[in-house]
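**Q** Before I ask anything, here is the structure I am working with.
Laboratory data are not the source of any read-out in this text; all were calculated from the coordinates shown. Keep in mind it's a predicted model, so treat the numbers as computed, not measured. Counting neighbours? That spans all protein chains shown, and the Cβs are built from the backbone with ideal geometry, glycine included.
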Amino acid sequence: MRKLKSTSKDSAENLIHVMFEMNEAVSLKREILHSEKSFLIMAKIVRNYSILRRNELRLKAGVYRKLKEVMSNINKLQKSLPRIKIPEFLHKEKAEREESYRDERKGSYLKSDIESQLQEIQEKLRALGAG
């Protein structure tokens, strides 16, 4: 690669001319084209992302509006229906049942998840021991 400096009449504008070998020039041109291709692909991805993000936000806003409408309808329905008086002991039993049910579900989920992970680890240990 040789660098040649050109002379021009404007002293403020200094141009530098670079001369490359043919195979070096082709290689550099290929790299420039790959870079341009990568930038165009990234621009396309960013544009698609922004379109998808706008759609997501629009859909979320629609869901929020529908949810507000449903909550409003539920509140209207609750106000229009008569209230029944539940005896205190039934109310306490119901609350205890709901609490125990929540605890069972949470405990069984955590237990099954932990048990499955332990089984996987034991199988891997057996495989390593047998190998």
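**Q** Given labels modelled 7 Å from the Cα in the Cβ direction, how far is it in nm from Leu81 to Arg65?
**A** 2.8
**Q** On alpha carbon coordinates alone, what is the Rg over Rh value for segment 20-83, Rh being the Kirkwood radius? Kindly include the intermediate steps, with their values, before the conclusion.
**A** Values: Rg = 27.4 Å, Rh = 16.6 Å.
Computed over Cα atoms, the ratio is 1.65.
**Q** I've got another one for you. Please give me the summed charge of the neighbours of Glu36: other residues whose Cβ is under 13 Å from its Cβ, Lys and Arg +1, Asp and Glu -1. Don't jump to the answer; show the numbers that get you there.
**A** Numbers: positive: Lys29, Arg30, Lys37, Lys44; negative: Glu31.
Surrounding charge for Glu36 is +3.
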